Structures are given as C-alpha cells and as structure tokens.
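Chemist: My structure is below; once you've seen it, I'll send some questions.
The values are calculated or read from the model by the stated rules, or taken from the named source; none is laboratory data. Not measured: the values here are computed from a predicted model. In this analysis, Cβ positions are derived from the backbone assuming ideal geometry, glycine residues included, and neighbour counts consider all displayed protein chains. Ligands, DNA and RNA are excluded from the accessible area calculation, which covers all protein heavy atoms including side chains. Shrake-Rupley method; radii C 1.70, N 1.55, O 1.52, S 1.80 Å.
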Amino acid sequence: MGRAFVYVILGGGVAAGYAALEFTKRGVSQGELCIISEESVAPYERPALSKGFLLPEARSPLSSFHTCVGDNEERLTLKWYKEHGIELVLGTRIKSADVRRKTLLTAAGETISYKILIIATGARALKLEEFGVSGSDAENVCYLRDYNDANRILNLMQSCAGGNAVVIGGGYIGMECAASLVINKINVTMVFPEAHCMARLFTPKIASYYEDYYKSKGVQFIKGTVLSSFDIDSNGKVTAVNLRDGSQLPADMVVVGIGIRPNTSLFEGQLTLDKGGIKVNGKLQSSNSSVYAVGDVAAFPVKLFGETRRLEHVDSARKTARHAVAAIMEHEKTGEFDYLPFFYSRIFTMSWQFYGDNSGEVVHFGDFSGSTFGAYWVSKGHLVGSFLEGGTKEEYNALAKATRLKPAIEDLAEMERQGLSFALTV
Ligand code: FAD
Ligand code: NDP
C-alpha cells in the first residue's frame, strides 16, 4: 500500500521550497504535489544556519528563515503548504528508488509513486573518517549541514564560552563558522591544508585581506597541515587536536567543514551521473524523462561557459528549481536554462559577491587596505569572472551584467586602472 502523486520532490531543502512556490504560481492542483524530506522541519534557507542563526544577539529563529524569504518571496510555513494542498512528508528518509516503476520506498516501508520526480537531495558533509581520521562521533565534534547540526553547534558554543574551538577546513563552512564562533567570544584556530583560505575561489591577495581581518579579531591560522588524530577523554569528549606537523591544539569544541558529496546514491546505476551529480539537460531533465534534478545534486549545462557544472550554492538551487518546474509545467514554452554562476558570503561586517568563473589571469582593483576592492578574471581575452567586497546593490548588479556580457579585454593594465568603473560602464 502507498500514496500516489503527480509530482514528487525528493528532498526538503532550499530547492524544494523554491520548486513548491513555483508550482503554486503555475497552478498546481490540491493533492498533486508531495515533498519528502528526511528533515523534520519545512524547507528553510540553509545559508542562515552559519550566519544569523549562530549569532548571540538577535538570533534568527528557524521560523523566520523558511523558504522563500531569501529571495524576498513568501515565507512558506507549514500552514502555507496545507493551504496549497501540498503534502509535506517530513522526518522521512527514502531508502530506495525505482525510476522504471516510478516509485520511492521510505525507510518505514511505504511506497510513494509519482508521474514526475524532482530530485533535490542536496549533499552530505564529508566526514573525517573518509580521510582516515576517527572521532567524528565525539560529543564536541560538529559538522554543519542542517538545522540539527546548527543547534548542536549553538549548544556547544554556549557551554564553552571563553574556551577554545578548532575549525578544520578553510572553505565556506570554516570561514563562516570561525566568524560566528569569534562573535560568540570563543578562541578560534583554523587548520587547513592549503596556503591560504578559500583556495578554490580566492586569489592569495584576496585571501590575505580576509585572513588579516580574521587575525585582527583573534583568529589564528595554521596552514599547510591537516588533523591527524584527536585526544578523547573518558567522557567521549575531544580535549586536544593533533596535527600532522606534530603540533597539538587544546580544544573545547571542533567544527569540521571539509567539503560535501552530493546525495546521488539512490539513483546510481539508474540515471546518468556527471561531475559527481545527476546529469541533466537545459531543462533540468535527467537521462530518464520523468526525472528532473535541481540544486547541489544536479550537474547542468552552463551555456555561458559551454560546459556541464555542478554548483553548491543557494542561488543556483533556487533558480534550477524554478526552471525545472517551468519546464515540467510548460515544457514547450520553456527554453534552456541560462545561468550566470553566483556565489556570496557575509562574514563579520564584510560581504562579498562573485559572478562567473575564476579562471585565467587576475586583475585586482580597489583599495585592499580599505573596505571596497575586487578582482576580474580574464580568460582567452574575455572577462569571465568578477569579485567585489563591500559593493552597493547597483555595483553588484553592474558586475553581474558585465560578466554575463563577457566583453573582450585587450589591456589588463587599463582594466586595473579603471577598476570598478570598468564594470559600471560596460
Ligand atoms: P539542501 O538544501 O541540502 O536540501 C537537501 C534536502 O534533501 C535535505 O532536506 C535532506 O534532508 C533531503 N534528503 C537528502 N536525501 C534524502 C533522502 N534519501 N530521503 C529524504 N530526504 C533526503 N550557498 C550560498 O550561495 N551562500 C551562502 O551563504 C551559503 N551558506 C551556506 C551555509 C551552510 C551552513 C550550508 C550547509 C550551505 C550554505 N550554502 C550557501 C549552500 C546552499 O545552502 C546549498 O547550495 C543549498 O542548500 C542547496 O540546496 P538543495 O535543495 O540542493 O539541497
Ligand atoms: P569547501 O569545499 O568550501 O571547503 C572545504 C575545505 O576543507 C577546503 O579548503 C578543503 O581543501 C579543506 N579540506 C579538505 N580535506 C581536508 C582535511 N582532511 N583537513 C582539513 N581541511 C580539509 O566545503 P565546506 O565544507 O566549507 O562547505 C560545504 C558546502 O557548504 C559547500 O558546498 C559550500 O558551497 C556550502 N557553503 C556555502 C557557503 C557560501 O556560499 N557562502 C557558506 C557555507 C557553506 P581542498 O580544497 O584542498 O580540498
């Protein structure tokens, strides 16, 4: 026995929330749509977990950041789903999928069938064990992917005010959590293998600006090495972190952010995979025409760069979700998804945005000793990427517009001289 729906969204994260809103805008009927989520809460704006949710003053409660507030849209509460006749199946893990039969099997043994499936399963945090280090299950070792993880960090922070935290990983989670921990008056040491933070995106010059700022707030950096083991006491708590370079750091809590893996396992062997995700076409449709994939799990064609990419950012989750629903509801009228990659972060009082691709030569501009600076990336004689810290809304819009246009660049020195004005006048 089981339930049957026309549309099923598997996963209850950012993409699911935006897909649901789009379905209602396009006239889904009561009872046609179901969202299945392992999480026990309605879809929310995941980025808030490492930002407003962890801050000591004016902490944002979960209810304030349900999707789709991040895009200045309606806030989809449980009541909203009910009023729109959307079945929210929460706290439910799907343990197997059969795309030929169009069925999903829940961990409790219920079969849910669909006509059209949207896979929005996102990703899971990589565990230290996958790098040969044990201790992830210690009481004071945290990861950050969902609301439960964020609550755990919150409780630990409160229990060790004034204590020491070791942050493992110098990527997005590491940088944002380190800032939140410091604001909560915890001493932070960041440990990562690269020569500078955010190595996959930042240039050494950009990274050095943020590292200096973090240092001025008391954060210490240990670079070029990794964690080798934990000292764990008889209560199952980590007391110290041992590094491969032989040093030891005392720890009251540890936050680990060492990357993610897309949740594709239910569909391996059934759908075509690419770039670690589910390969889809310009309508977000997978190798099975009844199955779409969106968000972190989708590898989709980025027209602007003529290649398939899988992006792990909220803007692409929102937009792929909306486009997939448009393609499902109005297939012929909906064109190919045409996306300009967009990433951002907000840390302390700083805020940056990045558009496009960080390949080729780099042209830095602005005042790196002040609060507004940036960079352009030029590849094969064209602007392909741009970064700006401390910009205004108009400036960010100009950056996005210029990057999408991919103008030809002949003189890098002139571009550097023009700086931000270059984007404002393209
Ligand atoms: P998710 O939001 O991860 O949702 C996936 C959902 O699928 C979850 O509800 C999960 O429980 C469910 N699920 C998975 N497998 C199953 C299963 N078998 N059965 C049932 N349910 C299942 N991006 C930015 O651009 N800017 C930011 O500032 C930013 N901040 C972030 C901060 C944090 C702490 C994190 C973790 C991410 C952040 N991101 C940010 C990334 C952004 O949140 C993700 O790109 C986005 O959430 C992806 O949306 P999604 O719907 O694809 O996946
Ligand atoms: P990232 O991929 O951003 O960073 C992981 C970092 O950990 C890299 O610097 C990586 O180095 C390093 N690392 C890998 N293995 C080890 C190890 N064994 N020991 C120490 N460091 C290691 O992933 P995060 O975990 O920071 O973020 C998870 C997801 O959340 C991402 O999808 C991200 O996009 C998203 N997110 C986005 C935010 C935003 O857009 N503002 C904010 C928060 C999260 P290397 O490069 O050498 O592998």
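Chemist: Scan (1) surrounded by fewer than 23 Cβ atoms within 10 Å (Cβ to Cβ); (2) assigned to a loop (DSSP other than H, G, I, E, B) for the single condition Gly12 breaks and write down its number.
Modeler: Result: Gly12 passes all but (1).
Chemist: A follow-up question, please. Among the candidates Lys127, Lys115, which residue alone is surrounded by fewer than 20 Cβ atoms within 10 Å (Cβ to Cβ) and either within 15 Å of ligand 1 (Cβ to nearest atom) or under 15 Å from Cys177 (Cβ atoms) (or both)?
Modeler: That would be Lys127, the only listed residue that is surrounded by fewer than 20 Cβ atoms within 10 Å (Cβ to Cβ) and either within 15 Å of ligand 1 (Cβ to nearest atom) or under 15 Å from Cys177 (Cβ atoms) (or both).
Let's see how each residue does on (1) within 16 Å of ligand 2 (Cβ to nearest atom); (2) more than 21 Å from the chain's Cα centre (by Cα); (3) over 18 Å from Tyr7 (Cα atoms):
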| site | (1), (2), (3) |
| --- | --- |
| Val291 | no, yes, no |
| Gly295 | yes, no, no |
| Glu307 | no, no, yes |
| Leu311 | yes, no, yes |
| Asp315 | yes, no, yes |
| Lys319 | yes, no, yes |
| Lys333 | no, yes, yes |
| Phe337 | no, no, yes |
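Chemist: What are the pairs with Cβ atoms under 9 angstrom where one residue, in the stretch 248-259, is farther than 21 Å from Ser159 by Cα and the other, located anywhere, is surrounded by fewer than 22 Cβ atoms within 10 Å (Cβ to Cβ) and among the polar types (S, T, N, Q)? Sequence gap at least six, or different chains.
Modeler: Gln248/Asn242
Chemist: For the stretch 76-112, give me the residue count where each residue is open to solvent by 60 Å² or more (accessible area, probe 1.4 Å), closer than 18 Å to Leu33 by Cα and of a type in the set (D, E, K, R).
Modeler: So the answer is 6.
Chemist: Related question: Given the structure, is Ser351 buried (at least 22 other Cβ atoms within 10 Å of the Cβ), among the hydroxyl-bearing types (Ser, Thr, Tyr) and out of contact with any Leu (no Cβ under 7 Å at 6 or more places or on another chain)?
Modeler: Numbers: buried (at least 22 other Cβ atoms within 10 Å of the Cβ): no; among the hydroxyl-bearing types (Ser, Thr, Tyr): yes; out of contact with any Leu (no Cβ under 7 Å at 6 or more places or on another chain): yes.
Judged against the criteria, Ser351 is not a match.
Chemist: Within the stretch 32-120, which strands (runs of 3 or more DSSP E) (wholly inside it) include 3 or more residues that are free of Cβ contacts under 8 Å to residues at least 24 places away in the same chain? Don't jump to the end; show me each part of the working.
Modeler: Values: elements: 33-36, 87-89, 94-98, 103-106, 111-119.
Here the list is empty.
Chemist: Next question. Report those strands (runs of 3 or more DSSP E) wholly inside the stretch 282-329 carrying at least 3 residues which are within 24 Å of Gly171 (Cα to Cα), open to solvent by less than 30 Å² (accessible area, probe 1.4 Å) and hydrophobic (A, V, I, L, M, F, W, C). Full working, then the answer.
Modeler: Details: elements: 291-293, 298-302, 307-310.
Filter on the stretch 282-329 gives 298-302.
Chemist: Taking the residues in the stretch 202-242 that are surrounded by 20 or more Cβ atoms within 10 Å (Cβ to Cβ) and assigned to a strand (DSSP E or B) as candidates, determine which candidate is nearest to ligand 2 (Cβ to nearest atom).
Modeler: Leu227
Chemist: If you don't mind, there's one more thing I want to ask. Can you tell me which condition Ala161 does not meet? The list is (1) farther than 18 Å from Ile258 by Cα; (2) open to solvent by less than 10 Å² (accessible area, probe 1.4 Å); (3) not acidic (Asp, Glu), and all the others hold.
Modeler: Ala161 satisfies every listed condition except (2).
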